[in-house]
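Q: Here's a structure for you.
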Amino acid sequence: MNAHPTTPVPGRAAVVVISMVVLLTACQAEPRPTVAPPAPSPSAAIVRPDGSSCPDHPTPACTGAPKGVRLTEVPLNTEDVAYKVQTPGAVLDGVHIRGPLLVHADDVTIKNSVIDGHVTNADGDRSFRFTITDTTVGTTRTCGPLPAIGHDKYTATRVLVQGHSDGFRVSGDAVDIRDSYVKLCSNPGDHSDGIQAYNGGKGLTFHHNTVDQREAEHITAPIFLVDEKSEDVVVTGNLVMGGTFSIQVRNARGKQVVRGNKLVDKSWVYGPVDSECGRADWAGNELVTIDASYRVTSIVGPLACEGAS
């Protein structure tokens with residue numbers, strides 16, 4: 001087969017060269033793109049039966065006792081300083097307790113309620129299973145030095161914690177905390193934490209919560225999980241701010257999962273992270289900025305693990 005020479009088209013080379021120059025100039029002149037906040041994930045949205053909602057991370061708008069719920073005041077029954085529930089399977093729905101709540105029976109359910117004090121299931125060496133949902137714990141009038149909720153075998157969902165220097169205490173097995181909002185305060189001498197493991201146990205999940213420690217002065221961390229008795233710790237999808245080192249996860253046996261969390265940039269005192277990087281399953285964590293409604297306004301960049309190798 002004979003090759004046929006291509007007949008040159010007049011001016012084509014010049015057009016090609018000019019086009020390349022225009023393209024290069026356009027590319028060089030194009031402004032550097034900014035990192036936009038991600039669209040809220042439908043799976044992360046919180047929608048309650050009363051219609052209140054949050055598009056992404058929890059805020060007071062979708063946690064705590066629902067607005068408009070009718071509350072029945074329950075008289076304190078333990079030396080007029082606390083309310084103690086001792087009936088297995090008891091349901092506290094739409095109650096207002098003007099003091100601490102002592103859970104001294106298994107399978108107690110607390111929902112749609114307001115507890116002015118703290119909630120604890122410890123009775124000496126014993127503790128009892130309970131769930132707490134859509135409930136406000138603490139008031140803005142005081143700053144309680146005891147953990148708002150503790151200490152083991154409990155599930156907390158869409159809880160609003162306020163007026164406490166410590167949010168959640170983990171001192172045993174089977175703690176599951178989700179979709180909750182914590183606004184911390186502190187007193188002189190406190191070591192405020194959003195969640196702390198102390199003589200922890202097996203099976204902690206801390207998922208999709210907001211912890212705001214920025215206004216507390218006497219602080220440790222929004223996430224302070226360094227107890228050597230803990231086993232299988234999962235910290236995922238949370239929005240946190242404040243603290244000395246904001247995210248501290250180390251020393252647990254079994255798995256240590258720290259994934260998909262967001263930390264408000266420059267909200268810490270010493271550094272963003274002090275964790276066990278060599279053993280942690282660390283991925284997808286980010287530094288962010290937020291607005292007054294806790295909505296992410298920008299992604300500053302990835303949040304690297306720092307601390308023990």
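The values are calculated or read from the model by the stated rules, or taken from the named source; none is laboratory data. Computed from a predicted structure; not experimentally measured. Every residue, glycine as well, gets a Cβ built from its backbone with ideal geometry; the counts of neighbours run over all protein chains shown. Please note that ligands, DNA and RNA were not included when accessible areas were found on the heavy atoms of the full protein model with its side chains. Shrake-Rupley method; radii C 1.70, N 1.55, O 1.52, S 1.80 Å.
Okay, residues lined up against (1) of a type in the set (Gly, Ala, Ser); (2) at positive phi; (3) in contact (Cβ under 8 Å) with a residue 40 or more places away in the chain; (4) in a strand (DSSP E or B):
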| residue | (1), (2), (3), (4) |
| --- | --- |
| ALA65 | yes, no, yes, no |
| PRO88 | no, no, no, no |
| ALA156 | yes, no, no, yes |
| ASP166 | no, no, no, yes |
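Q: For the subset of region 124-157 comprising residues that are under 13 Å from GLY172 (Cβ atoms) and acidic (Asp, Glu), which member is surrounded by the most Cβ atoms within 10 Å (Cβ to Cβ)?
A: Among those that are under 13 Å from GLY172 (Cβ atoms) and acidic (Asp, Glu), it is ASP152.
Q: Go through region 255-289 residue by residue and tally those that are among the β-branched types (Val, Ile, Thr) and under 11 Å from VAL235 (Cα atoms). Reasoning before the result, please.
A: Of all residues in region 255-289, those among the β-branched types (Val, Ile, Thr) come to 257-258, 264, 269, 273, 288-289.
Right, trim to under 11 Å from VAL235 (Cα atoms) and you get 257-258.
Total satisfying the criteria: 2.
Q: ILE299 is checked against (1) touching a Lys or Arg at 6+ places or on another chain (Cβ under 6 Å); (2) touching a residue at least 40 places away in the same chain (Cβ under 8 Å) and fails just one. What number does that condition carry?
A: Of the numbered conditions (1) touching a Lys or Arg at 6+ places or on another chain (Cβ under 6 Å); (2) touching a residue at least 40 places away in the same chain (Cβ under 8 Å), the odd one out for ILE299 is (1).
Q: Moving on to the next point. Run SER192 past the list (1) small (Gly, Ala, Ser); (2) within 14 Å of HIS118 (Cα to Cα); (3) crowded, with 24+ Cβ neighbours inside 10 Å and report the number of the one that doesn't hold.
A: Answer for SER192: the failing condition is (2).
Q: For region 199-233, give me the residue count where each residue is part of a strand (DSSP E or B) and buried (at least 20 other Cβ atoms within 10 Å of the Cβ).
A: In the first step, residues of region 199-233 are kept if they are part of a strand (DSSP E or B); the result is 202-207, 210-212, 219-225, 231-233.
Going one step further and asking which of them are buried (at least 20 other Cβ atoms within 10 Å of the Cβ), we end up with 204, 206, 210-212, 219-225, 233.
Of the residues in region 199-233, 13 are part of a strand (DSSP E or B) and buried (at least 20 other Cβ atoms within 10 Å of the Cβ).
Q: Could you go through region 248-258 and let me know if any residue there is open to solvent by 10 Å² or more (accessible area, probe 1.4 Å), among the aliphatic types (A, V, I, L, M) and not in a strand (DSSP E or B).
A: No; the residues of region 248-258 include none that is open to solvent by 10 Å² or more (accessible area, probe 1.4 Å), among the aliphatic types (A, V, I, L, M) and not in a strand (DSSP E or B).
Q: Out of the residues in region 234-244 meeting the condition of being touching a residue at least 40 places away in the same chain (Cβ under 8 Å) and in a strand (DSSP E or B), tell me which one is surrounded by the most Cβ atoms within 10 Å (Cβ to Cβ).
A: Residue satisfying both the conditions and the ranking: VAL240.
Q: Name the pairs: first residue in region 188-206 and of a type outside the set (S, T, N, Q), second residue modelled with pLDDT under 95 and surrounded by fewer than 19 Cβ atoms within 10 Å (Cβ to Cβ), Cβ to Cβ under 7 Å, at least 6 apart or on different chains?
A: From residues that are of a type outside the set (S, T, N, Q), the pairs are ASP190/PRO145.
Q: Something else: Within region 90-119, which residues are of a type in the set (S, T, N, Q) and without any contact (Cβ under 8 Å) to a residue 40 or more places away in the chain? Spell out the reasoning first.
A: Start the filter on region 90-119 by keeping residues that are of a type in the set (S, T, N, Q), which leaves 109, 112-113.
Within region 90-119, just THR109 meets the criteria.
Q: Do the conditions hold for SER171, that is, is it free of Cβ contacts under 8 Å to residues at least 60 places away in the same chain, open to solvent by less than 10 Å² (accessible area, probe 1.4 Å) and farther than 22 Å from VAL95 by Cβ?
A: Working: free of Cβ contacts under 8 Å to residues at least 60 places away in the same chain: yes; open to solvent by less than 10 Å² (accessible area, probe 1.4 Å): no; farther than 22 Å from VAL95 by Cβ: yes.
In short, no.
Q: Restricting attention to region 260-309, and to residues there that are of a type in the set (A, V, I, L, M) and outside any strand (DSSP E or B), which single residue is surrounded by the fewest Cβ atoms within 10 Å (Cβ to Cβ)?
A: To start, the set of residues in region 260-309 that are of a type in the set (A, V, I, L, M) comprises 263-264, 269, 273, 280, 283, 287-288, 290, 292, 296, 299-300, 303-304, 308.
Narrowing further to those that are outside any strand (DSSP E or B): 269, 280, 292, 303-304.
Details: VAL269: 11, ALA280: 22, ALA292: 5, LEU303: 21, ALA304: 11.
Out of the qualifying residues, it is ALA292.
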